[in-house]
Amino acid sequence: MFTVMQEISSNARHEAIVVGLFEKEPLFSGIVAKWNEQLNGQLTELANEGDLLPKKKHITKVHTLGQMKMKRLYFVGLGKEEELTFEQLREAFGKLFQTIKGATWSEVAVMLDTFTTERIDASDAAHALSEAFLLATYEFVGYKQKRTESKKIEQFTVYTTADEKEVEASLFVGSVYGRATNAARTLVNTPSNLLSAAALANYAVELAKKYGFEYKIVEKEEMEKLGMGALLAVNQGSVEPPKLIVVKYQGKETWEDVIGLVGKGVTFDTGGYSIKPKDGIVGMKTDMAGAAAVLGAMEIIGELRPEQNVLAVIPATDNMISGRAFKPDDVITSMSGKTIEVTNTDAEGRLILADAMTYAKQQGAKYLIDVATLTGGVIIALGVHTTGAMTNDEALFEQLLEASAETGEFMWRLPITEKDKERVRNSPIADLNNSPGREGHAIMGAAFLAEFAEDTPWVHLDIAGTSVTTKPSDLGPAGATGVMVRTLATFVERFEK
Ligand code: BES
Ligand code: ZN
Ligand code: ZN
């Protein structure tokens with residue numbers, strides 16, 4: 001898909017050529033200045049007339065109408081060179097590819113040097129390019145009898161004066177990141193009748209086989225033996241058996257400093273007997289976005305094989321109603337031994353995560369990151385562009401925050417105070433209470449999980465607001481975003497204990 005070349009020859013032909021344009025004097029330099037001459041200064045004329053702007057994320061298409069060997073020029077406005085961030089560059093590329101989408105031709109060349117700055121080198125720009133291409137052109141095919149998928153660019157020629165091998169490697173890394181995020185998006189977009197816990201487990205097994213990971217699916221019988229009362233309670237009303245998906249990646253000689261990634265895998269959340277209202281229930285097929293994020297990250301880890309140890313644990317089930325379902329007022333015993341009074345069956349995510357976290361620790365996880373569509377409360381608190389983060393360990397959180405700044409998947413920390421901890425312990429008949437009232441839902445979810453992290457460094461990411469979007473963005477359509485795939489993988493790649 002990508003061919004990297006040092007220099008563009010004077011008789012090179014391309015369907016389209018892509019050039020970055022910074023707000024600076026002169027607007028055109030190097031080879032672009034030459035093309036401007038070939039076009040009798042028409043580019044300058046367009047710029048002077050305001051048709052060709054270097055404004056950030058402004059895309060301009062210029063047809064060369066036989067005056068050049070390149071049929072079309074695409075100018076990508078980048079704003080002021082010193083102000084451009086990596087995230088903005090990725091978005092600018094995203095916008096470019098959305099503009100090109102639907103074209104009948106499928107080949108472009110990119111002048112990579114025109115996208116680099118003091119802070120963004122050729123490798124960064126190459127990563128942004130390939131990642132943005134995959135993210136921006138993602139489509140969920142769906143189930144219409146007449147399925148249409150738009151034609152995509154198949155051949156990229158990337159011209160760079162930087163080291164070709166390095167640029168090639170970065171193009172590969174960017175495309176791995178993009179592809180894995182899209183795989184997570186597809187899992188999240190898939191309806192729950194077509195993605196049961198068993199189907200999710202099968203997906204994970206295929207992934208594990210592909211990358212040579214060790215894996216294990218803990219079945220219901222074994223859960224009973226292990227005493228996973230919390231996960232089993234949530235599954236009780238379902239005809240679909242629960243699965244605990246466990247995937248192990250060992251990138252170090254010994255199984256030490258293990259990073260546990262735990263993803264909420266509720267394939268559909270009715271709320272149980274604390275049933276959701278008819279408007280709130282629609283969309284609950286996406287309640288496994290945490291699981292999808294973890295599997296997406298594992299795909300990147302499988303491709304790039306960092307020198308880290310990672311244990312992915314995904315509790316998977318739906319949350320249904322039947323004569324056998326668990327009920328408000330029930331008291332259940334979790335794998336950790338802690339008893340839980342169920343005051344709300346719709347606070348099911350923290351229950352299944354509790355057992356998954358205990359299991360991860362037993363399997364050697366020394367650090368825990370859980371990702372979950374846990375609360376509507378986080379949407380009220382932080383909106384739909386910022387993931388809620390809660391932690392018991394500053395240093396671990398800082399590393400995750402750095403990764404998120406790099407991927408542009410923003411997060412913001414909410415506190416867990418001693419008073420919050422007291423509230424989840426406030427049950428007259430059990431150790432814990434799974435839903436202690438209306439105030440601070442997002443924090444209550446985290447305070448509950450903190451009881452199971454205990455003294456293991458842990459970060460909880462509440463992606464209820466960020467995992468799906470109703471509005472298309474520069475980096476993808478409406479629907480699942482695949483949020484946290486890239487952040488988790490970046491975090492793992494860079495992790496230092
Ligand atoms: N899956 C939901 C959270 C959710 C809400 C995700 C909206 C995506 C969009 C979760 O299981 C839930 O129902 N949480 C309750 C918690 C409450 C009962 C303590 C909530 O947020 O209302
Ligand atoms: Zn729920
Ligand atoms: Zn849920």
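When you check GLY263 against the structure, is it at pLDDT 95 or above, within 23 Å of PHE326 (Cα to Cα) and more than 11 Å from ligand 3 (Cβ to nearest atom), yes or no?
Working: at pLDDT 95 or above: yes; within 23 Å of PHE326 (Cα to Cα): yes; more than 11 Å from ligand 3 (Cβ to nearest atom): yes.
Considered against the rule, which asks whether it is at pLDDT 95 or above, within 23 Å of PHE326 (Cα to Cα) and more than 11 Å from ligand 3 (Cβ to nearest atom), GLY263 comes out as yes.
Just give me the residues in the stretch 415-442 being closer than 19 Å to GLU394 by Cβ and open to solvent by 30 Å² or more (accessible area, probe 1.4 Å), in sequence order.
Within the stretch 415-442, PRO415, ILE416, THR417, GLU418, LYS421 meet the criteria.
Going residue by residue through the stretch 286-304, is there one that turns out to be surrounded by fewer than 17 Cβ atoms within 10 Å (Cβ to Cβ) and either more than 16 Å from ligand 3 (Cβ to nearest atom) or in contact (Cβ under 8 Å) with a residue 24 or more places away in the chain (or both)? Write out each step before concluding.
So in the stretch 286-304, the residues surrounded by fewer than 17 Cβ atoms within 10 Å (Cβ to Cβ) come out as 304.
Next, from what is left, pick out any that are either more than 16 Å from ligand 3 (Cβ to nearest atom) or in contact (Cβ under 8 Å) with a residue 24 or more places away in the chain (or both): 304.
Yes; the residues of the stretch 286-304 include at least one that is surrounded by fewer than 17 Cβ atoms within 10 Å (Cβ to Cβ) and either more than 16 Å from ligand 3 (Cβ to nearest atom) or in contact (Cβ under 8 Å) with a residue 24 or more places away in the chain (or both).
For (1) surrounded by 17 or more Cβ atoms within 10 Å (Cβ to Cβ); (2) of a type outside the set (A, V, I, L, M), each residue gets a yes or a no:
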| residue | (1), (2) |
| --- | --- |
| PHE2 | yes, yes |
| ARG13 | no, yes |
| ALA16 | yes, no |
| SER29 | no, yes |
| VAL32 | yes, no |
| GLU37 | no, yes |
| GLY41 | no, yes |
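Considering only residues of the stretch 356-380 that are under 18 Å from MET444 (Cα atoms) and surrounded by fewer than 19 Cβ atoms within 10 Å (Cβ to Cβ), which is farthest from ligand 3 (Cβ to nearest atom)?
Only one residue tops the list, namely ILE380.
Determine which member of the set ASP393, ASP420 is farther than 17 Å from ILE259 by Cα, in contact (Cβ under 8 Å) with a residue 12 or more places away in the chain, away from ligand 3 (no atom under 16 Å from the Cβ) and more than 20 Å from the chain's Cα centre (by Cα).
Numbers: ASP393 fails: farther than 17 Å from ILE259 by Cα.
Selected residue: ASP420, the only one of ASP393, ASP420 that is farther than 17 Å from ILE259 by Cα, in contact (Cβ under 8 Å) with a residue 12 or more places away in the chain, away from ligand 3 (no atom under 16 Å from the Cβ) and more than 20 Å from the chain's Cα centre (by Cα).
Suppose we keep only residues that are part of a loop (DSSP other than H, G, I, E, B), open to solvent by less than 70 Å² (accessible area, probe 1.4 Å) and modelled with pLDDT of 95 or more within the stretch 58-84. Which one would you say is farthest from VAL110 (Cα to Cα)? Before you say what the answer is, go through the steps one by one.
First, the residues of the stretch 58-84 that are part of a loop (DSSP other than H, G, I, E, B): 58, 64-71, 80, 84.
Imposing the further condition that a residue be open to solvent by less than 70 Å² (accessible area, probe 1.4 Å) reduces the set to 58, 64, 68, 70, 84.
Restricting the remaining residues to those that are modelled with pLDDT of 95 or more gives 58, 84.
Details: HIS58: 17, LEU84: 18 Å.
So the residue we want is LEU84.
So which of PRO315, PRO277 is within 16 Å of ligand 3 (Cβ to nearest atom) and open to solvent by 30 Å² or more (accessible area, probe 1.4 Å)?
Working: PRO315 fails: open to solvent by 30 Å² or more (accessible area, probe 1.4 Å).
After ruling out the rest, the residue left standing is PRO277.
Identify all residues within the stretch 346-372 that are in contact with a Ser or Thr (Cβ under 8 Å, 6 or more places away or on another chain), more than 16 Å from ligand 1 (Cβ to nearest atom) and not in a helix (DSSP H, G or I); write none if there are none.
Selection gives ALA365, LYS366, TYR367, LEU368.
Quickly run through the stretch 348-404 and pick out the residues that are at positive phi and touching a Phe, Trp or Tyr at 6+ places or on another chain (Cβ under 6 Å). Walk me through it before giving the result.
Pass one, the stretch 348-404, residues at positive phi: 364, 383.
GLY364 - this is the single residue of the stretch 348-404 that is at positive phi and touching a Phe, Trp or Tyr at 6+ places or on another chain (Cβ under 6 Å).
Tell me, yes or no, whether the stretch 160-174 has at least one residue that is among the β-branched types (Val, Ile, Thr), open to solvent by 10 Å² or more (accessible area, probe 1.4 Å) and outside any strand (DSSP E or B).
Initial filter on the stretch 160-174 (among the β-branched types (Val, Ile, Thr)): 160-161, 167, 173.
This time we only want the ones that are open to solvent by 10 Å² or more (accessible area, probe 1.4 Å), so: 161, 173.
This time we only want the ones that are outside any strand (DSSP E or B), so: 161, 173.
Checking the stretch 160-174: at least one residue is among the β-branched types (Val, Ile, Thr), open to solvent by 10 Å² or more (accessible area, probe 1.4 Å) and outside any strand (DSSP E or B).
Select from the stretch 98-129 the residues that are farther than 25 Å from LYS24 by Cα, part of a helix (DSSP H, G or I) and among the aliphatic types (A, V, I, L, M) and list them in ascending order.
Once the filter is applied, which keeps residues that are farther than 25 Å from LYS24 by Cα, part of a helix (DSSP H, G or I) and among the aliphatic types (A, V, I, L, M), the stretch 98-129 yields only ILE100.
Checking LEU207 against (1) closer than 25 Å to ALA297 by Cα; (2) open to solvent by less than 10 Å² (accessible area, probe 1.4 Å): exactly one of these is not met. Which one?
For LEU207, the exception is condition (2).
Name the single residue that is farthest from the chain's Cα centre (by Cα) among those in the stretch 1-23 being in a loop (DSSP other than H, G, I, E, B) and under 21 Å from ILE120 (Cα atoms).
We begin by selecting, within the stretch 1-23, every residue in a loop (DSSP other than H, G, I, E, B); these are 1, 6-15, 23.
Imposing the further condition that a residue be under 21 Å from ILE120 (Cα atoms) reduces the set to 6-7, 23.
Values: GLN6: 33, GLU7: 35, GLU23: 32 Å.
If we take residues in the stretch 1-23 being in a loop (DSSP other than H, G, I, E, B) and under 21 Å from ILE120 (Cα atoms), then GLU7 is farthest from the chain's Cα centre (by Cα).
Please determine whether any residue of the stretch 99-115 is among the aliphatic types (A, V, I, L, M), more than 17 Å from PHE156 (Cβ to Cβ) and open to solvent by less than 70 Å² (accessible area, probe 1.4 Å).
The first filter runs over the stretch 99-115 and keeps only residues among the aliphatic types (A, V, I, L, M), leaving 100, 103, 108-112.
If we keep only those that are more than 17 Å from PHE156 (Cβ to Cβ) too, we end up with none.
No, every residue in the stretch 99-115 fails to be among the aliphatic types (A, V, I, L, M), more than 17 Å from PHE156 (Cβ to Cβ) and open to solvent by less than 70 Å² (accessible area, probe 1.4 Å).
Select, from THR343, THR375, THR317, the only residue that is within 16 Å of ligand 1 (Cβ to nearest atom), in a strand (DSSP E or B) and of a type in the set (Val, Ile, Thr). Please lay out each step first, then the result.
On the way: THR343 fails: in a strand (DSSP E or B); THR375 fails: in a strand (DSSP E or B).
None of the others qualify; the one that does is THR317.
If you check every pair at least six apart or on different chains, which have Cβ atoms under 7 Å apart with a residue in the stretch 67-90 that is touching a residue at least 60 places away in the same chain (Cβ under 8 Å) first and a residue that is open to solvent by less than 10 Å² (accessible area, probe 1.4 Å) second?
The qualifying pairs are LEU84/LEU78; LEU84/ILE120; PHE86/ILE120; PHE86/ALA128; ARG90/ALA128; ARG90/GLU131; ARG90/ALA132.
How many of the residues in the stretch 318-355 are touching a strand residue (DSSP E or B) at 6+ places or on another chain (Cβ under 8 Å), farther than 16 Å from MET288 by Cβ and open to solvent by 50 Å² or more (accessible area, probe 1.4 Å)?
Total meeting the criteria: 4.
Does the stretch 398-417 hold any residues that are hydroxyl-bearing (Ser, Thr, Tyr) and under 24 Å from the mean Cα position of the chain (by Cα), and which are they?
Our first condition is that a residue be hydroxyl-bearing (Ser, Thr, Tyr); within the stretch 398-417, this holds for 404, 407, 417.
Selection gives SER404, THR407.
So for the stretch 387-405 (the condition being surrounded by fewer than 19 Cβ atoms within 10 Å (Cβ to Cβ), away from ligand 1 (no atom under 11 Å from the Cβ) and not in a helix (DSSP H, G or I)), does at least one residue qualify?
Looking through the stretch 387-405, at least one residue is surrounded by fewer than 19 Cβ atoms within 10 Å (Cβ to Cβ), away from ligand 1 (no atom under 11 Å from the Cβ) and not in a helix (DSSP H, G or I).
The values are calculated or read from the model by the stated rules, or taken from the named source; none is laboratory data. Please read all numbers here as calculations on a predicted model, not as lab measurements. Ideal geometry is used to build each Cβ from the backbone, glycine not excepted, and the neighbour counts take in all protein chains shown. The area values use the complete protein model at the heavy-atom level, side chains included, leaving out ligands, DNA and RNA. Shrake-Rupley method; radii C 1.70, N 1.55, O 1.52, S 1.80 Å.
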